[in-house]
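Report on the following structure.
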Amino acid sequence: MVKIYTKEQLIQRLKDIIKMGWIENMRHGNVGGVGNTLEDLLGIEENNLPLPNASEWELKCQRINTRSLVTLFHVEPSPTAMKFVPTILLPRYGWPHKEAGKKYPKNEMSFRQTISSLNCSDRGFRVVVDRVGHKILISFDSGNVDPRHSDWLKNVEKLAGLEDLNPQPYWGFDDLFHKAGTKLHNCFFIEAAVQRREGREFFEYKKVMMLSGFSKEKFIRTIEQGDILVDFDARTGHNHGTKFRFRNNKLPSLYDHVTEIRTIDS
């Protein structure tokens, strides 16, 4: 039976886990092991925080000093009816998948890009924050494509031309804030140190923060600063979903209220 916690009981259990010191990764080979191990210690199911008002709380874990991005949420761009990723980006701007002819069919294409607002990706894509139109858009600049992708660019010219995307995929501010607010209205954010011993991985849960008051302005500003990125991950056979992802330790900066949970002896 899954344990049900009150918020106070959950906070106490998290304090107890911090005091446990180094704990072996219970999900070897799983990059999400830091979160899965914590869920196992709490006795809860994956992505299912058992609080009476669980829909208002999210549990997010991150390794300290990691360079990996952490997913905030999945959301496909508008116009949604166009199914922009599989019908436009993948067939017109995609490239041969590295496993084409091996794991996948010979004609398998890929469109994988992690895109920032600060500069163009190696294939000329960039996030644009349009505060006047209240949108986050994806832009394409053929002049900023890395020379090593010249053959790909010639193919793009044949299929789509070298102008900017038209129409441009976008997300309205209000739609994004609704998505983020539903998923991240309040959040327990846990950071863990990582250590390897004789091929085994161990975690030490160091810090727990209660985050509340998700801020629309801070969310948009963090995108402008390049600390939230848009991540496309599609191939011919499957669209893994478009994600908004944040850089290491940036999640607390999206909230108006941040409270660190301390153990008595810390």
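What the table below lists for this structure:
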quantity	calculated
Estimated Rh, the stretch 116-174: Kirkwood, alpha-carbon pairs, angstrom	12.2
Subset of Lys19/Lys250; Lys106/Lys243; Lys60/Lys207; Lys179/Lys218 violating a 22 Å alpha-carbon distance limit	Lys19/Lys250; Lys106/Lys243
Cα convex hull volume per residue for the stretch 177-266 (Å³)	147
At 0.692 mPa s and 37 °C, Stokes diffusion of the chain via Kirkwood alpha-carbon radius, µm² per second	160
Most fluctuating residue given options Arg13, Arg92, Arg148, as computed from a GNM of the chain linking Cα atoms under 10 Å	Arg148
FRET E, pair Thr66, Leu162, Förster distance 45 Å, beta-carbon r, rounded to 0.05	0.75
Set of aspartates and glutamates near Lys206 by C-alpha distance (under 14 Å), chain-local residues within fewer than 8 positions excluded	Asp16, Glu191, Glu260, Asp265
Computed P(r) (all Cα pairs; the stretch 113-266; 5 Å bins; percent)	2, 8, 13, 16, 16, 13, 11, 9, 7, 4, 1, 1, 0, 0
Charge-dipole axis of the chain as Lys and Arg at +1 and Asp and Glu at -1 on Cβ define it, positive-most pick from Pro105, Asn166, Gln9	Pro105
Principal axis box of the stretch 203-247, alpha-carbon based, largest edge first, Å	40, 33, 17
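Just so you know, all these numbers are worked out from the coordinates, no wet-lab data involved. All values derive from a computational prediction rather than experimental measurement. Glycine gets a Cβ as well: all are built from the backbone with ideal geometry, and neighbour counts include every protein chain shown.
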